[in-house]
Amino acid sequence: MFNKVKIAWFGKHLGEEPPLIPAGGIFFTGCNLRCVFCQNYQISQQNLGQFYTIEELAEIMLKLQNIGANNIDLVSPTIWYKQIKEAICLARKNGLAIPIIWNSNAYENLEVLKEVEGLIDIYLPDFKYSNNELGLKYSKINNYSLVAEKAIKEMWRQVGNLRIRNGKAYNGLIIRHLVLPNNIENSFGVLDKIAKINLDIHVSLMNQYSPLYKANEFPEINRELNREEFFKVYDYYKKLGLGNGWIQEEKSQNNLVPDFKKDNPFN
């Protein structure tokens with residue numbers, strides 16, 4: 001299967017930040033984390049999807065461009081990076097001209113990121129934990145915070161801060177952070193690390209947490225996030241002097257389509 005990738009879904013996707021939509025979403029099967037609260041666990045943990053060749057993946061990218069997608073949004077691409085790299089090169093030879101988004105959990109090998117440098121226009125990592133113990137507890141992974149911080153610094157080195165033209169993002173970095181119930185100190189730590197990289201980084205604060213998959217095995221996160229917790233994190237964001245980004249306005253009934261405010265609420 002070295003010349004194939006497994007994909008759960010692809011199509012026009014409206015669940016990203018405003019300057020990214022409509023995105024040309026490609027949701028890859030599998031994940032290098034095992035998050036107990038994963039909202040798309042059927043894709044990441046239960047291997048929903050079917051196999052496509054590298055040539056077919058390149059054709060999918062071109063089809064998404066042809067139906068009006070603003071970009072190619074590679075969701076959970078990390079474990080398939082070799083095939084994806086080949087497909088991007090092939091698609092570009094055949095006329096792909098829209099930006100490529102690397103939409104990942106930030107648990108990345110630096111060598112992988114360096115291999116795709118120049119092919120990726122927008123990095124969209126989810127910075128989950130500032131506390132390595134939480135990474136091990138909730139995502140079954142060691143040293144998440146250290147690995148993710150280094151990876152995000154490399155992403156920022158490659159593309160810098162987000163750049164938008166005519167309302168559409170074409171290059172740069174957006175960092176997402178999902179606030180977890182009973183874990184606002186973790187969120188404070190994530191924001192501290194982002195602020196130390198650059199205060200102008202675009203941050204997308206998400207309040208869509210729901211106790212799905214195996215979250216019921218962990219009493220402290222076996223409930224939805226409350227408004228008080230979320231706005232404590234938002235207030236801390238402002239206190240740090242971070243100035244760009246979006247706040248999630250409300251939860252969507254569709255886990256793949258979160259809703260974001262149309263304008264920047266942090267200004």
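The values are calculated or read from the model by the stated rules, or taken from the named source; none is laboratory data. Bear in mind that the values here come from a model prediction, so they are computed numbers and not experimental data. Methodologically, a virtual Cβ is constructed for each residue, glycine included, from the backbone with ideal geometry; neighbour enumeration extends over all protein chains shown.
Residue 213 fulfils the conditions (1) more than 24 Å from residue 162 (Cα to Cα); (2) in contact with a helix residue (DSSP H, G or I) (Cβ under 6 Å, 6 or more places away or on another chain); (3) part of a helix (DSSP H, G or I) except for a single criterion, (3). Screening the range 92-108 for residues that are aliphatic (A, V, I, L, M) and crowded, with 24+ Cβ neighbours inside 10 Å and picking the one that is farthest from residue 57 (Cα to Cα) gives 106. Considering every residue within the range 141-163, establish whether at least one is of a type outside the set (Lys, Arg), touching a residue at least 24 places away in the same chain (Cβ under 8 Å), in a loop (DSSP other than H, G, I, E, B) and surrounded by fewer than 19 Cβ atoms within 10 Å (Cβ to Cβ). Within the range 141-163 (the criterion being of a type outside the set (Lys, Arg), touching a residue at least 24 places away in the same chain (Cβ under 8 Å), in a loop (DSSP other than H, G, I, E, B) and surrounded by fewer than 19 Cβ atoms within 10 Å (Cβ to Cβ)), the answer is no, since none of the residues qualifies. The residue that is surrounded by the most Cβ atoms within 10 Å (Cβ to Cβ), among those in the range 9-27 that are in a strand (DSSP E or B) and either modelled with pLDDT under 95 or basic (Lys, Arg) (or both), is 13.
Each row is one residue, and each column tells you yes or no for (1) modelled with pLDDT under 95; (2) touching a Pro at 6+ places or on another chain (Cβ under 9 Å).
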residue	(1), (2)
187	no, no
193	no, no
196	no, no
199	no, no
218	no, yes
227	yes, no
231	yes, no
235	no, no
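With respect to (1) over 23 Å from residue 20 (Cα atoms); (2) more than 19 Å from the chain's Cα centre (by Cα), the lone exception for residue 189 is condition (2).
In summary, residue 6 fulfils each of the numbered conditions (1) free of Cβ contacts under 8 Å to residues at least 60 places away in the same chain; (2) buried (at least 16 other Cβ atoms within 10 Å of the Cβ); (3) under 19 Å from the mean Cα position of the chain (by Cα); (4) in a strand (DSSP E or B) with the single exception of condition (1).
Scan the range 109-116 and tell me whether some residue there is out of contact with any strand residue (DSSP E or B) (no Cβ under 9 Å at 6 or more places or on another chain), surrounded by fewer than 17 Cβ atoms within 10 Å (Cβ to Cβ), closer than 12 Å to residue 155 by Cβ and basic (Lys, Arg). Yes: the range 109-116 contains one or more residues that are out of contact with any strand residue (DSSP E or B) (no Cβ under 9 Å at 6 or more places or on another chain), surrounded by fewer than 17 Cβ atoms within 10 Å (Cβ to Cβ), closer than 12 Å to residue 155 by Cβ and basic (Lys, Arg).
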